[in-house]
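Visitor: What follows is a single structure, and I will ask about it in a moment.
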Amino acid sequence: MTVSAAKSTTTAKLMSHPLNAWYVAAWDHEVSSKGILARTVAGRPLAIYRTADGRAVALADACWHRLAPLSQGKLIGKDEIQCPYHGLRYNSAGRCTSMPAQETLNPSATVPSFPVVEQYRYVWVWLGDPTLADPSLVPDMHQLASPEWAGDGETIHAPCNYQLVLDNLMDLTHEEFVHSSSIGQEELSESEFEVTHDENSVTVTRWMHNIDAPPFWLKNMRDKFPGFEGKVDRWQIIHYYFPSTICIDVGVAEAGTGAPEGDRSRGVNGYVMNTITPESERSSHYFWAFMRNYRLDSQLITTQLRNGVHGVFGEDEAMLQAQQAAIDANPDYEFYSLNIDAGGMWVRRLLERALEAEGRLAAAPGA
């Protein structure tokens, strides 16, 4: 569907997060058999580690006995974790295997163990109904693991509700104003866009024809085509996947060489990979990477792109923090929607639908 107007408004309440969904808990390299990673996902503190055979495990980070954080304990044997307070041990299924000073184990001595999947360089966790934890529901981020793409990324601890990050990524016209020195240009808000959606995804497509390349993209064109000068066709194709993954197909090509029709050979193509994990109602783990499909052997370009995007996202982080503070100071104020918000509004509708199905459609505390 082509969106020409967005007439409804959405309230400034910050909704909760669906639990029957996969969220990234960590980069794969963060999880080790030598130590325990403490991380809160969707309001649930987790103790994350690897067994001796390399399998990732996510347990609730609270001992059955006195709720001491298991992440402050240590790993024992092939798959066990030991409480740091009184020494209770749990296996990877969360069942207690040893209690101090007694041979008989209380059968209720368990801690929740959550389904885990490793895919696309990430460790994903499912905090909802474990019978629904289908690995095929992990959002498609294949560029992160494909030999046809190269790149790197980082994690931002975003001081805001995860939906504010989703709003930010679904409407890239903000680049004109927030990122004017790197990727922003006035054609972003002047160009038309199209929004399509289904039950689990939303796509926003925007093309800008015969324009000057902004500094970031001119540099990338010259990496592939030394000395490039001239106009470009620029594209941004935003792919949202439930619940909080957004992969953005971006690039520029020499104007008039067929990029809109599918021939991008005279251009440079990147994918901005974003997956946002709620931590609390007012903080998020924002995992991102920038991947490219040209000059794959150049570590210099990989590092330059990662550092460049780091700077861009730093500008976003400052804006999102300020926005969250303003929302907290104005809890009864409404968001009013513009045409540019059409993609983000569809995302919110999908999230609302999922929360309603779980019986958890409610405003965040204090909102």
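The values are calculated or read from the model by the stated rules, or taken from the named source; none is laboratory data. The shown structure was predicted, so the numbers you read here are calculated from the model rather than taken from an experiment. Backbone-built Cβ (ideal geometry, glycine too); neighbour counts: all protein chains shown. Side chains are part of the model used for accessible areas, which takes the heavy atoms of the whole protein and leaves out ligands, DNA and RNA. Shrake-Rupley method; radii C 1.70, N 1.55, O 1.52, S 1.80 Å.
Visitor: Please work out the FRET efficiency for the pair Leu338 and Thr110, using the Cβ-Cβ distance as r and a Förster radius of 41 Å; give the result to the nearest 0.05.
Guide: Values: r = 50 Å, r/R0 = 1.22.
FRET efficiency, Leu338 to Thr110: 0.25.
Visitor: OK, next. Determine the gain in length on full extension of the stretch Asp53-Lys34; use 0.36 nm per residue of separation and subtract their C-alpha separation, reporting nm with one decimal. If you can, show how the numbers build up before the last one.
Guide: Numbers: separation 19, 0.36 × 19 = 6.84 nm, distance 1.20 nm.
Extra length available between Asp53 and Lys34 comes to 5.6 nm.
Visitor: What does the extension gain come out to for Arg349 and His209, with contour length at 0.36 nm per residue minus their alpha carbon separation?
Guide: Working: separation 140, 0.36 × 140 = 50.40 nm, distance 3.14 nm.
Once the chain is fully extended between Arg349 and His209, it gains 47.3 nm.
Visitor: Let me ask you something else. Can you pull the Rg over Rh of the chain, Cα-only, Kirkwood? Don't jump to the answer; show the numbers that get you there.
Guide: Numbers: Rg = 22.6 Å, Rh = 22.2 Å.
Value, to two decimals: 1.02.
Visitor: Another question, if that's okay. Connecting C-alpha atoms closer than 10 Å in a GNM of the chain, tell me which of Arg55, Arg222, Arg66 has the biggest fluctuation.
Guide: Comparing Arg55, Arg222, Arg66 in a Gaussian network model of the chain, the most mobile one is Arg66.
Visitor: While we're on this one: So, for the chain, what is the accessible surface per residue at a probe of 1.4 Å, expressed in square angstrom?
Guide: 44
Visitor: Applying a 10 Å radius around every beta-carbon, put 153-161, 320-328 in order of their mean neighbour count, most first.
Guide: Values: 153-161: 19.4, 320-328: 15.4.
The most tightly packed comes first, giving 153-161, 320-328.
Visitor: To the nearest 500 deg cm²/dmol, what mean residue ellipticity at 222 nm is calculated for the chain from DSSP H runs of n ≥ 4 alone, each contributing -39,500 (n - 2.57), summed and divided by the residues?
Guide: Numbers: 6 runs with 75 residues, N = 367.
Rounded to the nearest 500, the figure is -6500 deg cm²/dmol.
Visitor: Could you tell me how far the Cα centroid of the stretch 82-139 sits from the Cα centroid of the stretch 43-57, in Å?
Guide: The two parts, judged by their Cα centres, are 8 Å apart.
Visitor: Could you tell me what percent of the accessible area of the chain is made up of carbon and sulfur, with a 1.4 Å probe and every protein chain present? The partial results should precede the final answer.
Guide: Values: 8170 of 16290 Å².
Roughly 50 percent, rounded to a whole number.
Visitor: Now for a separate question. Under the definition of Cα pairs under 8 Å and six or more residues apart, what whole-number percent is the relative contact order of the stretch 66-160? Display every interim value, and only then the final one.
Guide: Values: 102 pairs, mean separation 12.0, N = 95.
Taking the mean separation of contacting Cα pairs over the length of the stretch 66-160, I get 13 percent.
Visitor: Taking only C-alpha pairs under 8 Å that are 6+ residues apart, what is the relative contact order of the chain in percent?
Guide: Numbers: 776 pairs, mean separation 82.3, N = 367.
22 percent.
Visitor: While we're on this one: Around Asn274, with a cut-off of 12 angstrom between Cβ atoms, what is the net charge of the other residues, counting Lys and Arg +1 and Asp and Glu -1?
Guide: With Lys, Arg at +1 and Asp, Glu at -1, the net is -2.
Visitor: In sequence order, what are the phi-derived ³J(HN,Hα) couplings for the stretch 31-48 according to the Karplus relation 6.51 cos²θ - 1.76 cosθ + 1.60 with θ = phi - 60°, rounded to whole Hz, with x for glycine and proline?
Guide: Whole-Hz 3J(HN,Hα) from phi for the stretch 31-48: 9, 9, 8, 9, x, 10, 9, 9, 8, 9, 10, 6, x, 10, x, 10, 10, 10.
Visitor: Where in the stretch 233-277 is the amide nitrogen less than 15 Å from a point lying 7 Å along the Cα-to-Cβ axis of Leu296?
Guide: Under 15 Å, as judged by backbone N against the label point of Leu296, lie 269-271 of the stretch 233-277.
Visitor: Which angle between 0 and 90 degrees, to the nearest 10, do you get for helix 215-224 versus the longest principal axis of the chain when only C-alpha atoms count?
Guide: Between helix and principal axis, roughly 90 degrees.
Visitor: Also, I was wondering about something else. Do any cysteines of the chain lack a neighbour Cys whose Cβ is under 4.7 Å away, and which are they?
Guide: Cys96, Cys160, Cys247
Visitor: With every protein chain left in place, what is the accessible area of Tyr333 in Å² (1.4 Å probe, nearest 10)?
Guide: It works out to around 140 Å².
Visitor: Does the stretch 190-320 classify as rounded, prolate or oblate by the C-alpha gyration tensor (a ≥ b ≥ c root eigenvalues; a/c under 1.5 gives rounded; else a/b over b/c gives prolate, otherwise oblate)? Please list the in-between numbers first.
Guide: Details: a/c = 2.04, a/b = 1.36, b/c = 1.49.
Because a/c hits 1.5 or more and a/b fails to exceed b/c, the stretch 190-320 counts as oblate.
Visitor: Between the stretch 240-261 and the stretch 283-329, how many Å separate their Cα centres?
Guide: Using only Cα atoms to place each centre, the spacing works out to 17 Å.
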